[in-house]
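All remarks here apply to the structure that follows.
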Amino acid sequence: MWIDLRSDTVTHPTEAMREAMARAEVGDDVYGDDPTVNRLEALASEILGKEAALFVPSGTFGNQVAIMSHTQRGDEILLGEECHILMHEVGGAAVLSGVQTRSFPTHLGHVDVEKLEKMIRDVDIHFPNTGLICMENAHSSGTAVSMENMKAVYQLGKSRNIPVHLDGARLFNAAVALGVDVKELAAYGDSVNVCLSKGLCAPVGSIVVGSSVFINKARKNRKLMGGGLRQAGILAAAGMIALTDMAARLDQDHKNARYLAHRLEEIESCHVLKDRLDINMVFFTLDESVIGESALIEGLMNEKIKINGIEDGEYRFVTNYGVSTEDIDKIIDVMKNMVQSKK
């Protein structure tokens, strides 16, 4: 069996999901008559405290359909300098929605609200309209952004009549880390995108929630973007289990991440970034003189352990449903042996 630390996107559907998918009642969702999709969307609306929901193919799709539905071509959207929409969505906002992106400074996902406010455009013939503010929680740095910071950003948006979109790909992880109901975090976004296919283990899909008016617009834009799905109930059946059973066990992934962080520090020159251990991610540095990047990747691969390479000078290991404490012990033992053999 492989151990995969590259991301929580690598999770496989559970047996319960596979059984639910096999017997799912289906229809044509573009016509709105797939009963399982309808049940998933109703469940998501209830859990996240919004009027309506829309099932979409992916998290990137969810963010992009939200941007398209909030803005007009030529608008400017404000978003964090290290956020997923800006860094890892292939410039989709420019291509799909024709909007200009402008980044505001963040510290581990937290927003300097005073600086953000200064970036909102005045009415001027030379300026684009500030059409949207985007937040992210949990943040891709591995942190959970405080409710106080989220509230301040949301209230700023309201005071200036600017909608706020929350990229909550790992919103359930953030809720666990902060010890709050996920509904409390979702309240600070006019729209929210939540991934079902990361730590929640569904094979495909994300949910976008918001007001009924917004979701109706997003539904049409989903069709425009090629995301109108037909007998999607087979996928939605897994999504319902993701929102209930799998959301309830995320704390185990967080505990495993902390255990992994503790054990990594047993390795020579391994420095764990402890201020970024809120969720299921462990960021660390490892001196090239101890073991090189390619040697580490190849050596672990030989022992059926998959990792990503260095990004911005750091390694990132992600615990997930497929990684146990026994797996972590094996990973550390293999890494220790590799380091020792280099001496």
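The values are calculated or read from the model by the stated rules, or taken from the named source; none is laboratory data. This structure is a prediction, so every number in the text was calculated from the model and none was measured. Here the Cβ positions follow ideal geometry from the backbone for every residue, glycine too, while neighbour counts run over all protein chains shown.
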Hey, ASP245 hits all of (1) within 29 Å of GLN340 (Cβ to Cβ); (2) in contact with a Ser or Thr (Cβ under 9 Å, 6 or more places away or on another chain); (3) surrounded by fewer than 20 Cβ atoms within 10 Å (Cβ to Cβ) but one; which does it fall short on? (1)
Which residue is farthest from ASN173 (Cα to Cα), if the candidates are limited to the range 269-299 and must be under 27 Å from the mean Cα position of the chain (by Cα) and not hydrophobic (A, V, I, L, M, F, W, C)? GLU293
Considering every residue within the range 145-160, establish whether at least one is surrounded by 22 or more Cβ atoms within 10 Å (Cβ to Cβ) and assigned to a loop (DSSP other than H, G, I, E, B). yes
For LEU296, work out the one condition from (1) of a type outside the set (Val, Ile, Thr); (2) modelled with pLDDT of 95 or more; (3) surrounded by fewer than 20 Cβ atoms within 10 Å (Cβ to Cβ) it doesn't fulfil. (3)
Regarding GLY226, is this residue at pLDDT 95 or above, touching a Leu at 6+ places or on another chain (Cβ under 9 Å) and not charged (D, E, K, R)? no
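Check every one of the helices (runs of 4 or more DSSP H) wholly within the range 49-127 and list those with 2 or more residues that are among the hydroxyl-bearing types (Ser, Thr, Tyr) and modelled with pLDDT of 95 or more.
Working: elements: 59-70, 84-87, 113-119.
Qualifying helices (runs of 4 or more DSSP H): 59-70.
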Please go through the range 305-331 and give me each residue that is assigned to a helix (DSSP H, G or I), surrounded by fewer than 16 Cβ atoms within 10 Å (Cβ to Cβ) and either under 23 Å from the mean Cα position of the chain (by Cα) or touching a residue at least 12 places away in the same chain (Cβ under 8 Å) (or both), ordered by number. THR325, ASP329, LYS330
